Every structure is written in structure tokens, then in C-alpha cells.
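Below is one structure, written out as C-alpha cells; comments come after it.
The values are calculated or read from the model by the stated rules, or taken from the named source; none is laboratory data. Predicted, not measured: the structure shown is a model, and the values here were computed from it. Counting neighbours? That spans all protein chains shown, and the Cβs are built from the backbone with ideal geometry, glycine included. Just the protein is used for accessible areas: all its heavy atoms, side chains included, with ligands, DNA and RNA removed. Shrake-Rupley method; radii C 1.70, N 1.55, O 1.52, S 1.80 Å.
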Amino acid sequence: MSRLDSFIRRLEAQRLCLDWATARIANTPGVVLELGLGNGRTYDHLASRLGPGREIHAFDRQIAAHPGCVPSAGRLVLGELRETLPRFAARGLAVAMIHADLGSGDSAATAAQATWLGPEIAAAASPGCLVLSDQALADPRLAPLPLPDGVPAGRYFAYLRG
Ligand SMILES: C[S@@+](CC[C@H](N)C(=O)[O-])C[C@H]1O[C@@H](n2cnc3c(N)ncnc32)[C@H](O)[C@@H]1O
């Protein structure tokens, strides 16, 4: 498989997961957290699927997204997630879904990040929250969910916050 094929497959799997997750939370009240705004591609997809009635809060170290894919100031959280996510969780908002898309080309750093990310995500998620992640997460409060058909094993990970 060429690198182009692999890239396209990764994005198709990501879109399948996002479409599945947004349909699944249709009747779950609460805000949605996008961890890793990046270029704003998945934020924009979530916004288009969820519609204007759903608050989406996007997190990143800095803004690198297309201006049309940046949330308003009150819904943009800039800084290191290890600090910003617990601070956000302390606000006590109901959180219906968390999408984490934080992987980088540095697989060791990405894996190290996933070890503290699981507990921080579990702490920020409300009971019943759907968690979707490009990295496997480990926390006893996060029960693994099967992914939609067509998503290769290990490509994406889904959990239900108990
Ligand atoms: C793969 S990119 C996100 C791509 C984006 N979801 C999209 O579709 O355009 C990962 C992003 O996560 C951010 N990120 C990774 N680790 C972070 C951390 N610990 N704190 C804040 N942002 C982080 C990076 O700055 C980068 O913009």
C-alpha cells in the first residue's frame, strides 16, 4: 500500500468514527471537547455533523487552523492539555463527547502522552460520555466500545465513561 493509500484510509476511518460518534450522542446532553484542533479539519467535521445547537470546545497549544475552523474565543482553550483539561473539568460542565486527535510523528512522545491522558480524559468526561481517541487510553472509568464496521483494528479507539 502506498503512503497516499495509507493516509486516505486513515482519514476515511477517522470520518467513519466521527460520524458514528456524533450520531450516537444525538440524545446525550452536554458539550463536546475536541482535543487537538490542529488544522481544524476534524473540528469542522464535528461542527457540520452536530449543528449550531451543540457547543464544541477546542483545545491546542496554539492556533494553526484555517480561520474558518477556529471556534469563538470562549470555546477555544489554548495551552498545554495537562494544565488546560483539568482546569476545564473544574468548571463542572456536562460533557457528552470527547474526541482526542493528538498523535504526532514522534511515536514515543505520543505513547508517553497517552499514559496521563487517559485519567485526565476520564476525569473531564461526564458519566455516559463517549470518548473517541487516536491513541489507546487506559483508565478504569473508560470501558472500551466496539468501533463501527470498516474501521481497521488499532486505527481508532472508543470508550464509554462509566
Ligand atoms: C494531529 S494534530 C490534530 C489534527 C486536527 N484534529 C485536524 O483534524 O486538523 C495534533 C494537535 O494536537 C496538539 N497537541 C498535541 N499534544 C498536545 C498537548 N499536550 N497540549 C496541547 N495540544 C497538544 C498539537 O499542537 C497538534 O496541533
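If you go through region 36-77, how many residues are buried (at least 18 other Cβ atoms within 10 Å of the Cβ), within 7 Å of the ligand (Cβ to nearest atom) and not in a loop (DSSP other than H, G, I, E, B)?
Number of matching residues: 4.
Across region 1-35, what is the total count of residues that are farther than 19 Å from residue 105 by Cα, assigned to a loop (DSSP other than H, G, I, E, B) and hydroxyl-bearing (Ser, Thr, Tyr)?
1
Scan region 93-114 residue by residue and report those that are of a type outside the set (A, V, I, L, M, F, W, C), part of a loop (DSSP other than H, G, I, E, B) and more than 8 Å from the ligand (Cβ to nearest atom). If you could, list the steps in order and put the result at the bottom.
Step one: list which residues in region 93-114 are of a type outside the set (A, V, I, L, M, F, W, C), which gives 99, 101, 103-107, 110, 113.
This time we only want the ones that are part of a loop (DSSP other than H, G, I, E, B), so: 101, 103-106.
Residues satisfying the conditions are 105, 106.
Report, ordered by the first and then the second residue, all pairs with beta carbons closer than 6 Å, sequence separation of six or more or different chains, a first member in region 102-127 that is open to solvent by less than 40 Å² (accessible area, probe 1.4 Å), and a second member that is away from the ligand (no atom under 12 Å from the Cβ) and assigned to a helix (DSSP H, G or I).
Qualifying pairs under 6 Å: 124/89.
Hey, can you tell me all the residues within region 42-96 that are in contact with a Ser or Thr (Cβ under 7 Å, 6 or more places away or on another chain) and touching a residue at least 40 places away in the same chain (Cβ under 8 Å)? Steps first, answer last, please.
Of region 42-96, the ones in contact with a Ser or Thr (Cβ under 7 Å, 6 or more places away or on another chain) are 46, 49-50, 59, 77, 94-96.
Listed by number, the residues that qualify are 46, 94, 95, 96.
Does residue 31 satisfy the criteria of being closer than 22 Å to residue 117 by Cα and in contact (Cβ under 8 Å) with a residue 12 or more places away in the chain? I'd like the intermediate steps shown before the answer.
Values: closer than 22 Å to residue 117 by Cα: yes; in contact (Cβ under 8 Å) with a residue 12 or more places away in the chain: yes.
For residue 31, the condition - closer than 22 Å to residue 117 by Cα and in contact (Cβ under 8 Å) with a residue 12 or more places away in the chain - is met.
Working only within region 115-136, note down all residues that are within 14 Å of the ligand (Cβ to nearest atom), closer than 12 Å to residue 157 by Cβ and not hydroxyl-bearing (Ser, Thr, Tyr).
117, 118, 121, 132, 134, 135
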